[in-house]
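Trainee: What follows is a structure written as structure tokens; I'll ask about it next.
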Amino acid sequence: MLAQKLGLSLPSLKKAGGGADERFIFTIDTTIAGQTGTASFYLSVLGTNNFDVDWGDGTSDTGVTASTQHNYPRPGGVFTITITGNDIGVYFGNANDKAKITNIINWGNQSINFNGTFYGCSNLTSTAKDAPIITTSDLRNTLRNCTTFNGSVTGWDVTTVNNFTNWCLSANAFQGSGLETWDIRNATSAANFMTAGALTTANYDALLIQWDTLTGYPSGLAITFGSTQYSAGAAATARASLVTKGLVITDGGQA
């Protein structure tokens with residue numbers, strides 16, 4: 001493990017009381033080009049923020065409320081950043097040190113509170129088992145151009161979201177794990193929902209079958225799954241049922 005080679009210990013993903021971990025934990029690689037040099041990381045935030053941050057090098061800051069740059073003691077390295085607090089709104093927005101974030105280990109109290117939160121984070125993936133807090137109705141461009149992302153999105157509560165346009169556009173490695181758990185019935189726009197065609201047939205089948213268990217979809221909602229194909233049988237039946245419920249589905253047809 002890189003963290004071990006650097007003499008860093010990965011924090012436990014359980015709090016002392018055994019409950020869900022509320023910390024936002026992720027790794028960065030400062031050798032990757034970004035807004036700052038190879039010995040720095042610019043932590044950008046939007047919205048209301050008030051948290052403590054452990055920079056992974058033995059130093060920390062408390063009461064962080066605005067974007068801040070941290071300078072590491074040496075150039076080049078992989079660090080695990082741990083953020084603790086109830087108001088966490090880390091935001092990249094296709095700018096700043098977007099390429100330096102490499103893996104989300106735990107979402108904790110990280111909020112997706114604006115569109116484009118991880119837009120442009122081209123080296124990002126996720127091994128997290130939990131889900132972020134979603135406080136926006138606009139999920140546009142959330143994982144756009146996150147070309148290496150293939151984490152699970154299981155349990156993301158998207159019931160407040162009405163705009164899914166381009167939410168993972170060009171995230172070509174993302175196979176759609178966990179999308180079957182999403183409830184998009186408040187959507188008004190789902191253009192380019194999954195356009196890369198990386199969604200596996202198995203994951204698409206699971207999505208169609210699970211989504212068909214719900215009712216109340218907005219009539220005429222157009223949703224695109226690119227060239228993704230579905231299986232004959234239960235998945236094909238579920239897809240046909242969703243169309244009768246009002247969804248206008250574009251995909252690669254039956255496998």
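We did not get these values from a lab; they are worked out from the coordinates using the rules stated. All values derive from a computational prediction rather than experimental measurement. Here the Cβ is made from the backbone with ideal geometry for all residues, glycine too, and neighbour counts use every protein chain on show.
Trainee: Rounded to whole Hz and in sequence order, give me ³J(HN,Hα) for region 35-46 from the Karplus expression 6.51 cos²θ - 1.76 cosθ + 1.60, θ = phi - 60°, writing x for Gly and Pro.
Mentor: With coefficients 6.51, -1.76 and 1.60, one gets 5, 9, x, 7, 10, 9, 9, 9, 8, 9, 9, 9 Hz.
Trainee: Taking amide hydrogens as modeled 1.01 Å from N in the peptide plane, which residues meet the under 5 Å criterion relative to THR125, leaving out close sequence neighbours?
Mentor: The list, which skips near neighbours in sequence, is ASN103, ILE104.
Trainee: Work out from phi, with θ = phi - 60° and the Karplus expression 6.51 cos²θ - 1.76 cosθ + 1.60, the ³J(HN,Hα) of each residue of region 92-105, listed in order in whole Hz, and give x for Gly and Pro.
Mentor: 9, x, 6, 8, 6, 9, 4, 7, 7, 6, 10, 7, 9, 8
Trainee: Once the other residues with Cβ under 13 Å from the Cβ of ILE184 are scored (Lys, Arg +1; Asp, Glu -1), what is the net sum? Spell out each step's value before the answer.
Mentor: Numbers: positive: ARG185, LYS245; negative: ASP157, GLU180, ASP183, ASP212.
Taking every Cβ under 13 Å from that of ILE184, the sum is -2.
Trainee: Determine the sum of side-chain charges near ASP52: Lys and Arg each +1, Asp and Glu each -1, restricted to other residues whose C-beta is under 13 angstrom from that of ASP52.
Mentor: Values: positive: ARG23; negative: GLU22, ASP54, ASP61, ASP87.
Net local charge, ASP52 excluded: -3.
Trainee: How far is helix 234-244 tilted, in degrees, relative to the longest principal axis of the Cα atoms in the chain, given as a value from 0 to 90 rounded to the nearest 10?
Mentor: In the chain, helix 234-244 runs at an angle near 80 degrees to the longest axis.
Trainee: Here is a further query. Relative contact order for the chain using alpha-carbon pairs under 8 Å, separation at least 6, rounded to a whole percent? Walk me through the numbers before you get to the answer.
Mentor: Numbers: 703 pairs, mean separation 32.0, N = 255.
The normalised contact order for the chain reaches 13 percent.
Trainee: Let me ask something else about it. Among LEU143, PHE164, ILE81, flag the residue with its Cα farthest along the positive direction of the charge dipole of region 71-206, charges on Cβ as +1 for Lys/Arg and -1 for Asp/Glu.
Mentor: Going by the charge dipole, the pick is ILE81.
Trainee: Roughly how tilted is helix 201-211, in degrees to the nearest 10 and between 0 and 90, from the longest Cα axis of the chain?
Mentor: 70
Trainee: What list of ³J(HN,Hα) couplings, whole Hz, do you get for region 118-124 from phi and the Karplus terms 6.51, -1.76, 1.60, once you set θ to phi - 60° and write x for glycine and proline?
Mentor: 10, 3, x, 7, 6, 10, 7
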